[in-house]
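Asker: Right, I'll just put the structure down here and ask away after.
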Amino acid sequence: MSKIPKDLKFTKTHEWAKKLPDGTVAVGITDHAQGLLGDMVYVELPQIDAAVEAGKECAVVESVKAASDVYAPVSGKIIEVNTAVSDAPETVNKDAYGDGWMFRLEPKNAADLNALLDAKAYEALVAAEKH
């Protein structure tokens with residue numbers, strides 16, 4: 001079973017979101033998602049200042065198995081991207097919830113985070129997918 005940090009929020013499409021002290025939100029793909037995809041070979045990040053919409057694709061990850069869209073967990077504006085994952089995509093495999101974060105956004109409405117899955121609900125989603 002993949003590790004699922006209790007302090008994060010999750011989407012049904014396997015992204016995680018972490019509200020940071022300054023009100024911005026760090027985003028990446030879950031440990032479960034990177035495990036399914038396998039060894040990452042390419043990460044395409046969104047443009048800084050790009051407007052993103054909750055549930056819409058905003059980045060792409062490619063592994064030895066497949067390419068997959070990364071969806072914005074909440075609507076907002078991209079304020080930072082983690083170029084380290086573009087330079088070393090395997091970072092997502094090694095540390096999906098830490099150094100493997102992909103981008104930071106300024107949410108249009110911070111309350112939108114409350115609509116995302118908590119760790120327990122995400123764990124149930126992952127368990128249901130295995131059946």
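Since every read-out is calculated from the coordinates, none of them should be taken as a lab result. Because the structure is predicted, anything quoted here is derived from the model rather than measured. All Cβ positions, even for glycine, are placed from backbone atoms using ideal geometry, and neighbour counts span all protein chains on display.
Asker: Test residue 92 against the stated conditions and say whether it is in a helix (DSSP H, G or I), among the hydrophobic types (A, V, I, L, M, F, W, C) and closer than 13 Å to residue 29 by Cβ.
Answerer: Here the answer is yes, as residue 92 does meet what is asked.
Asker: In segment 58-74, how many residues are surrounded by fewer than 23 Cβ atoms within 10 Å (Cβ to Cβ) and not in a loop (DSSP other than H, G, I, E, B)?
Answerer: The qualifying residues number 7.
Asker: Considering every residue within segment 78-94, establish whether at least one is of a type in the set (Lys, Arg), touching an Asp or Glu at 6+ places or on another chain (Cβ under 7 Å) and farther than 14 Å from residue 13 by Cα.
Answerer: no
Asker: Looking only at segment 17-53, filter to residues that are among the small types (Gly, Ala, Ser) and in a strand (DSSP E or B); which one of those is farthest from residue 90 (Cα to Cα)?
Answerer: Here the residue is 51.
Asker: Could you tell me whether residue 70 is touching a residue at least 24 places away in the same chain (Cβ under 8 Å), over 21 Å from residue 4 (Cα atoms) and touching a strand residue (DSSP E or B) at 6+ places or on another chain (Cβ under 7 Å)?
Answerer: no
Asker: In this structure, is residue 85 surrounded by 15 or more Cβ atoms within 10 Å (Cβ to Cβ), touching a Gly at 6+ places or on another chain (Cβ under 7 Å) and touching a residue at least 24 places away in the same chain (Cβ under 8 Å)?
Answerer: Criteria met by residue 85.
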